[in-house]
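The structure under discussion appears below in the form of structure tokens.
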Amino acid sequence: MKKLYLFLAIMLCASIVSAQPAYRVIDSDGDEMDITSDGNLNLGAFAGDITLENGGLIENGTNNIVGIDADGDGVNELTVDNAAGTVWIDANDDEAVDFTFDRGSFADIEVPAGLALRLDTGGTIILDPANGQFSFRDNGSDTMSWHMNNAADGVKIGIAETAGQRHLILTDDAHETQDHDHPLQANPTFFVHSVTAPNTANDEWVKLTHDQTNAIFGTGSGDIVLTGATAGVGGLVPKRETADPCLTMQPGSIFYNETAGELCYCNESRVDLRVKDASTACY
């Protein structure tokens with residue numbers, strides 16, 4: 001008779017509400033661990049840890065923190081802090097990569113000092129920010145930003161005044177960590193260096209900028225040589241004119257008198273003169 005009552009009681013409990021757990025473990029403190037009828041594990045108010053068969057551990061910590069110690073060595077390989085919005089992955093037991101998804105306007109990936117962050121794929125890496133902007137920083141300070149918004153002038157590269165020194169340097173990969181000795185520029189400037197190390201010769205460069213009045217194309221050392229498509233042929237082609245242009249050109253400007261077939265220039269008084277005979281007017 002007792003067995004019959006026990007069987008009826010079990011059947012009654014199982015049929016009351018289908019959402020009730022199939023199994024429930026309650027410890028002396030009242031903490032609960034349920035295994036529901038669909039096979040899910042519900043810790044409920046359970047505050048203890050779960051030890052895996054291989055010695056690993058699932059740590060049910062406080063303040064919404066859960067950790068997984070896969071090899072049972074006492075160091076969590078994966079930690080989830082729901083309150084802070086952070087996930088730590090610690091594969092070497094001494095250095096962790098942090099993923100933070102709730103920090104104001106940022107979702108951060110933090111890598112320990114001395115380690116590189118590598119994106120390795122057999123296909124294309126696509127970066128698609130909604131505002132079309134990429135920012136590059138040096139220890140928290142903005143240095144350069146790329147703006148890819150086609151609706152606003154197309155692609156733009158911005159160089160910061162303080163950390164970026166308002167210039168961009170193209171140099172050999174072997175010298176990228178060396179100081180190229182360019183101070184803060186008054187206007188955004190592009191420098192191209194030779195393959196010579198800047199610690200050996202820091203003046204082998206050509207620059208392009210605009211000083212808010214004129215376009216500046218300069219060099220640190222050596223001449224500016226313009227070459228054509230054929231080796232040894234080509235050079236600077238002056239502007240062709242049919243009338244005196246010196247009143248609208250800068251002193252020292254060179255032009256070609258198309259009517260007389262003469263190469264001419266503008267002196268400091270903006271008078272047009274022939275190059276071969278500085279005493280003769282071009283027009």
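The values are calculated or read from the model by the stated rules, or taken from the named source; none is laboratory data. Given the structure is predicted, the values throughout are model-derived calculations rather than measurements. When we count neighbours, we look across all protein chains shown, and the Cβ atoms used for this are built from the backbone with ideal geometry, even at glycine.
Annotations
- Here A163, A197 are screened, and the one residue that is small (G, A, S), surrounded by 11 or more Cβ atoms within 10 Å (Cβ to Cβ) and in contact with a helix residue (DSSP H, G or I) (Cβ under 6 Å, 6 or more places away or on another chain) is A197.
- Residue that is modelled with the lowest pLDDT, among those in the range 225-262 that are touching a strand residue (DSSP E or B) at 6+ places or on another chain (Cβ under 6 Å) and of a type in the set (A, V, I, L, M): M249
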